[in-house]
Amino acid sequence: MKYNEISHFSHPKHKLRFEHNEFPFKCDGCNEVGIGSRYKCSICDNDLHTHCTIPSTTLFHAFYTKCTFQTHQETRRVTAT
């Protein structure tokens with residue numbers, strides 16, 4: 001894999017390549033317009049903001065509007081012998 005390519009769970013068929021372009025694009029991750037840096041699949045015309053390629057550690061749910069949920073890395077269990 002090249003240093004400017006990533007694999008992303010939202011687009012598993014092809015690698016996404018980093019590019020910087022001043023033409024506007026619609027991010028396929030958040031559906032917002034972007035300009036500048038992005039990860040792109042030129043085969044499928046799939047674009048992601050660079051920050052949309054990083055999974056969020058904060059989650060929200062429509063049923064719990066006053067709550068936010070934080071994900072944490074799993075810790076290893078240590079047992080005494």
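The values are calculated or read from the model by the stated rules, or taken from the named source; none is laboratory data. Note that the structure is a prediction, hence the values are computed from the model and not measured. Cβ coordinates were reconstructed from backbone atoms using ideal geometry, including for glycine residues, and neighbour counts include every protein chain displayed.
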Take segment 34-63 and flag every residue that is exposed (fewer than 15 other Cβ atoms within 10 Å of the Cβ) and small (Gly, Ala, Ser).
36, 37, 42, 56, 62
List pairs: first residue in segment 34-51 and more than 13 Å from residue 22 (Cα to Cα), second residue modelled with pLDDT of 90 or more and basic (Lys, Arg) anywhere in the structure, Cβ distance under 6 angstrom, at least six positions apart or on different chains.
40/17; 47/38; 47/40
Residue list for segment 25-71, restricted to those being within 17 Å of the chain's Cα centre (by Cα) and at pLDDT below 85
54, 55, 56, 57, 58, 59, 60, 70, 71
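Here is a yes/no grid of residues against (1) in contact with a His (Cβ under 9 Å, 6 or more places away or on another chain); (2) of a type in the set (A, V, I, L, M, F, W, C); (3) not in a strand (DSSP E or B):
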position: 16; (1), (2), (3): yes, yes, no
position: 20; (1), (2), (3): no, no, no
position: 28; (1), (2), (3): yes, no, yes
position: 34; (1), (2), (3): yes, no, no
position: 38; (1), (2), (3): yes, no, no
position: 44; (1), (2), (3): yes, yes, yes
position: 67; (1), (2), (3): yes, yes, no
